1. The conditions are (1) modelled with pLDDT of 95 or more; (2) within 20 Å of residue 12 (Cβ to Cβ), and residue 117 fails exactly one of them. Which is it?
2. Being more than 19 Å from residue 54 (Cβ to Cβ) and either aliphatic (A, V, I, L, M) or modelled with pLDDT of 95 or more (or both) is the filter; apply it to segment 124-153 and report the residue that is surrounded by the most Cβ atoms within 10 Å (Cβ to Cβ).
3. If a residue counts only when it is within 13 Å of the chain's Cα centre (by Cα) and closer than 15 Å to residue 137 by Cβ, which strands (runs of 3 or more DSSP E) contained entirely in segment 9-122 have at least 3 such residues?
4. Out of the residues in segment 74-117 that are of a type in the set (Phe, Trp, Tyr) and touching a residue at least 60 places away in the same chain (Cβ under 8 Å), state the one that is farthest from residue 36 (Cα to Cα).
5. What's the number of the condition residue 64 fails, among (1) closer than 24 Å to residue 132 by Cβ; (2) touching a Pro at 6+ places or on another chain (Cβ under 9 Å)?
6. Can you name the residue in segment 55-88 that is surrounded by 17 or more Cβ atoms within 10 Å (Cβ to Cβ) and polar (S, T, N, Q) and, of all such residues, is modelled with the lowest pLDDT?
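The values are calculated or read from the model by the stated rules, or taken from the named source; none is laboratory data. On a predicted model such as this, the values are computed, not experimentally measured, just so you know. Heads up, the Cβs are rebuilt from the backbone with ideal geometry, glycines too, and the neighbour counts pull from every protein chain shown.
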Amino acid sequence: MIPTQVTVNAINSAYATDDVIWGSIAPSAYVRLVKENFVPSAALVAGDLVYADFDGSDAINVPFGDQTEVTDSVTGRVGILLKDPVAGYRWVCTGDTSLPQTIYGYAVRDLDDGTLLWTGLLPNPVPIAEAGNFVEISALLGYLVINPYDSDL
C-alpha cells in the first residue's frame, strides 16, 4: 500500500506536535553539523554520519514545544519547519582544533538517545579553515517523504 497525500499530511501534523519528539518543557532534539559527504536517506542511522568537531561546532538544541506546520505552495506537501533558537542555527569556529574540515550538511537527532530524525545537505559545502569561519542554516524544513530530493515532488 502507498499512502495518499492526505495520510502523509496527517502523519506530518501529528509529528509536528509530538511532545516526546520535541519536548514540552525542555528541548528534546538537537541539530549537529556533518563533516563528510553523505546522501540523505530513510535508511541512515546516526552512526553512518561523521560529525563536525571544530571548536564551536557543538550541537544546537531545537526549541521545545510544537514545531510549525507548513504547506509547500507548489506541491501542496505538508512539512515541519523547526523553530529557530534565539541565536539561530549558526556555528562559528572559535579555535584551531581539527581544522580544516568541510561541512556538507546537518542532522536532527533525539536528545535522549541520539536517534537520527532528519538529515539535510547544505546547498554548497562550507569550508572551515580558521577561527571566524562559520556555518549558518535557516529554514530547517522537513517533509515526510522517502525521496526529498526527487524532482517530481
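1. (1)
2. Filtering segment 124-153 for residues that are more than 19 Å from residue 54 (Cβ to Cβ) and either aliphatic (A, V, I, L, M) or modelled with pLDDT of 95 or more (or both), the one surrounded by the most Cβ atoms within 10 Å (Cβ to Cβ) comes out as 144.
3. 29-34, 101-110
4. Out of the qualifying residues, it is 106.
5. Against the list (1) closer than 24 Å to residue 132 by Cβ; (2) touching a Pro at 6+ places or on another chain (Cβ under 9 Å), residue 64 comes up short only on (1).
6. 67
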